[in-house]
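Only one structure is covered here, and it is reproduced in the block below.
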Amino acid sequence: MSNSQKRVLTLFITVIVVLSVIFRIKSTAKERNAIFYDYFDTVTEIKVVSKSDKPISDCKKYIEKMDSEFSADSENGLIYRFNNGETADFADDTKELIEYARNFSNENPDYFSVYLDPLIKAWDIKNNKGVIPDVREKLLECSNENTLNLGGIAKGYVTEKLVEILKKDGVSSALINLGGNAYAYGKKPTGESWRIGIQNPKDEDGIVGIISAENLAVITSGDYQRYFELDGVRYHHILNPKTGFPANNGLHSVTVISDNPTLCDALSTSAFVAGLKDGIELLKKYSCMGIFITDDTVYFSKELENIFKQTDFSYKYEFIY
């Protein structure tokens with residue numbers, strides 16, 4: 001056998017070995033699902049394609065840790081302790097998020113504030129029986145910036161860190177949904193994009209469209225998740241930091257799409273408070289795509305044209321930019 005024939009044979013054998021290794025890896029990996037109900041006052045669902053349960057276990061440990069760190073309601077939460085004048089030894093991740101949230105608050109004070117904990121507790125939307133708090137008094141308490149509430153940004157940050165954990169664990173395909181904070185990591189095992197539904201604010205079982213996403217966060221804030229009604233008015237949990245009342249500007253939900261879950265979470269809250277016109281400008285400022293839903297229209301970024309499938313034609317659909 002000539003040297004050239006030997007080289008060809010060696011190359012052929014090498015290719016066969018590599019392909020067989022890849023096949024074994026793929027054949028042992030499978031889609032694994034987990035649902036957690038006890039963290040961040042919401043439901044978390046994680047789907048990963050993995051050879052073991054370690055990625056999901058690592059994600060759960062991180063969620064448990066940060067739920068305790070970020071809680072402003074639990075007496076065991078470090079944010080709660082900080083807000084009540086106690087010393088709080090925050091983890092580095094928490095320090096990072098607090099700095100990010102403070103900076104974002106300072107950049108967008110009309111639409112977002114990390115200092116609203118006294119006001120949020122006064123409204124207590126989850127348990128409110130139809131009582132309007134003394135908003136003016138609570139806004140004064142918020143103005144000293146000595147209390148924190150990370151509810152408008154924490155789930156996005158945790159989502160971002162979960163993606164980092166999955167990468168470290170060697171996962172290349174996953175879908176995370178942390179209470180409306182979704183992230184599509186890679187592609188599905190079939191090679192297709194992950195599909196994320198955009199909820200119809202008028203129908204908890206309906207959707208207005210489907211995003212086909214890869215390596216994108218799709219994060220929604222809306223008035224249909226936590227609210228109470230009084231004299232025909234819906235009082236929801238997304239508060240305007242200037243008025244102290246729930247934002248009321250004709251929007252029912254805002255979805256922000258980009259590769260940065262933390263930014264998407266903060267922007268979905270801020271754009272909802274800002275309203276359609278100013279909310280669109282806010283998303284432009286941060287180079288993010290968006291979907292705004294009013295009573296009768298779904299407004300969406302033209303950049304989404306090829307990945308957003310419209311599904312509910314009781315609405316009008318219009319481009320925004």
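So what's the angle, to the nearest 10 degrees on a 0 to 90 scale, between helix 3-28 and the longest Cα principal axis of the chain?
Roughly 40 degrees, rounded to the nearest 10.
Please arrange 255, 311 by how many other C-beta atoms lie within 10 Å of their C-beta, fewest to most. Don't jump to the answer; show the numbers that get you there.
Details: 255 31, 311 15.
Ascending Cβ contact count within 10 Å gives the list 311, 255.
Amide H neighbours of residue 32 under 5 Å, at least 5 residues apart or on other chains, H built in the peptide plane: list them.
HN-HN under 5 Å from residue 32: 48, 49, 50.
In nanometres, what is the gap between the two model label sites at residue 76 and residue 305, each 7 Å from Cα along Cα-to-Cβ?
Rounded to a tenth, the inter-label distance reads 5.2 nm.
Taking only C-alpha pairs under 8 Å that are 6+ residues apart, what is the relative contact order of region 46-319 in percent? Mind showing how you got there, number by number?
Numbers: 510 pairs, mean separation 46.1, N = 274.
In percent, rounded to a whole number, it is 17.
Would you please classify the overall shape of region 117-255 from the alpha carbon gyration tensor, given that a ≥ b ≥ c denote the square roots of the eigenvalues, rounded means a/c under 1.5, and beyond that prolate means a/b larger than b/c while oblate covers the rest? Mind showing how you got there, number by number?
Values: a/c = 3.36, a/b = 1.74, b/c = 1.93.
Oblate is the answer for region 117-255, as a/c is 1.5 or above yet b/c matches or exceeds a/b.
Between helix 154-168 and the chain, what is the angle of the helix's C-alpha long axis to the longest principal axis, kept within 0 to 90° and rounded to the nearest 10?
10
If each residue's Cβ is checked for other Cβ atoms within 10 Å, how do 172, 105 rank with the fewest at the top? Show your work: numbers first, answer last.
On the way: 172 14, 105 21.
Ordered by Cβ neighbours within 10 Å, fewest first: 172, 105.
If you split all Cα-Cα distances of region 46-319 into 5 Å bins from zero, what percentages do you get per bin, shortest first?
Going out from 0 Å in 5 Å bins, region 46-319 shows 1, 6, 12, 16, 18, 17, 14, 9, 5, 2, 0, 0 percent.
In whole Hz and in residue order, list the ³J(HN,Hα) couplings for region 280-288 that follow from phi through the Karplus curve 6.51 cos²θ - 1.76 cosθ + 1.60, θ = phi - 60°; x for Gly and Pro.
For region 280-288, the Karplus curve yields 4, 5, 5, 5, 4, 4, 9, 6, 10 Hz.
Relative to the first principal axis of the alpha-carbon coordinates of the chain, what is the inclination of helix 54-70, with its axis defined by its Cα atoms, in degrees from 0 to 90 and to the nearest 10?
The angle comes out near 20 degrees.
I need the calculated FRET efficiency for the pair residue 145 and residue 30, taking r as the beta carbon distance and R₀ as 51 Å, to the nearest 0.05.
Numbers: r = 49 Å, r/R0 = 0.95.
For residue 145 and residue 30, the calculated efficiency is 0.55.
At 0.36 nm per residue, and after removing the present C-alpha to C-alpha distance, how many nm does the segment from residue 233 to residue 65 gain when stretched out fully? Show your work: numbers first, answer last.
Values: separation 168, 0.36 × 168 = 60.48 nm, distance 3.75 nm.
Extra length available between residue 233 and residue 65 comes to 56.7 nm.
Please work out the FRET efficiency for the pair residue 242 and residue 287, using the Cβ-Cβ distance as r and a Förster radius of 30 Å; give the result to the nearest 0.05. Spell out each step's value before the answer.
Details: r = 25 Å, r/R0 = 0.85.
Working from the Cβ atoms, E equals 0.75.
How much length is gained on full extension from residue 202 to residue 102, taking 0.36 nm per residue of separation minus their Cα-Cα distance? Intermediate results must be reported in sequence, preceding the final value.
Working: separation 100, 0.36 × 100 = 36.00 nm, distance 3.33 nm.
Extra length available between residue 202 and residue 102 comes to 32.7 nm.
So what are the ³J(HN,Hα) numbers for region 33-43, from phi and the Karplus equation (6.51, -1.76, 1.60; θ = phi - 60°), rounded to whole Hz, Gly and Pro as x?
10, 9, 10, 10, 10, 9, 10, 6, 6, 7, 9
From the phi angles alone, apply the Karplus equation (6.51, -1.76, 1.60; θ = phi - 60°) to region 223-239 and give each ³J(HN,Hα) in whole Hz, x where the residue is Gly or Pro.
Residue by residue, region 223-239 yields 8, 9, 8, 10, 6, 9, 10, 9, 6, x, 10, 8, 10, 9, 8, 8, 8 Hz.
Just so you know, all these numbers are worked out from the coordinates, no wet-lab data involved. Given the structure is predicted, the values throughout are model-derived calculations rather than measurements. Virtual Cβ from ideal backbone geometry, glycine too; neighbours counted across all protein chains shown.
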